[in-house]
Amino acid sequence: MSSEPPPGSGQQPPDDDPFRKRPPDEPPGEGAGSPYGSEPPPYEGGGPNGPSGPGGPYGGGSYPTDPLAGMPPLADSVMRTLARIIDMILVGVVVWLLTWGFGVNEYDVDSDRIEISKSFWQSAVAAVLYIAYDTVLTARTGQTLGKKLLRMRVANLDNGATPSVQNALARAAVLWIPFAFCCACVWTAVCGGWSYFDRPYKQGLHDKAAKTVVVSTK
């Protein structure tokens, strides 16, 4: 099980680094360990896929029976919602300024005629900015500004590392494309709200698509 820091950090993380996934037999420090209060024993199975076997929630994973072993606690779903609202406001202001500056409004009514093209371009601008914002920051540190402010981060479920650009992009696309083009309020509630009911990993639909979880950094 890897205990290396996220790519690009350039140094080994200290023992009390909450971002480091710990081996199952290592005593957790403050804020580390399973979110359920105890560490499962190391998985000792064998087979063609290595000592960890083909287990895991997605199949083919090379980690213990509980992939959360050694990771910080899962982030609270309410705090995740607040972080998402912060991100939506920050990027939404930029979207509004850009579309307003270029004269693109959600719709213009002129002699009972709705300019659908302007609505589409505003949605396209929103989708590009939201996806770029989420992808770049998640791939770099696992934290958007909202998550950093509320002390949580996105991590790969299988090893606790910062998601790759590919995974971060998949996660952002699942969340923001439907949001921008068709059903903003409904999709945000369904996609993000899924974490309130998902067990045991508290994943939103976008987390499931990218095989990620959101953990606390407190």
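Things to note:
- Protein-only accessible surface at a 1.4 angstrom probe places the residues Leu169, Leu149, Leu157 in the order Leu149, Leu169, Leu157, largest first.
- Rounded to the nearest 10 Å², the accessible area of Tyr196 at probe 1.4 Å: 90
- Rolling a 1.4 Å probe over the protein chains gives Met79 an accessible area of about 60 Å².
- Applying 1/(1 + (r/R0)^6) with r as the Cβ-Cβ distance of Trp121 and Leu149 and R0 = 45 angstrom yields a FRET efficiency of 0.90.
- Residue-level accessible surface for Trp194, protein heavy atoms, 1.4 Å, Å²: 110
The values are calculated or read from the model by the stated rules, or taken from the named source; none is laboratory data. As the structure is a computational prediction, the values presented were derived from the model and not from experiment. Reconstructed Cβ throughout: ideal geometry from the backbone, glycine too, with neighbour counts over all protein chains shown. Side chains included, ligands, DNA and RNA excluded: accessible areas come from the protein's heavy atoms. Shrake-Rupley method; radii C 1.70, N 1.55, O 1.52, S 1.80 Å.
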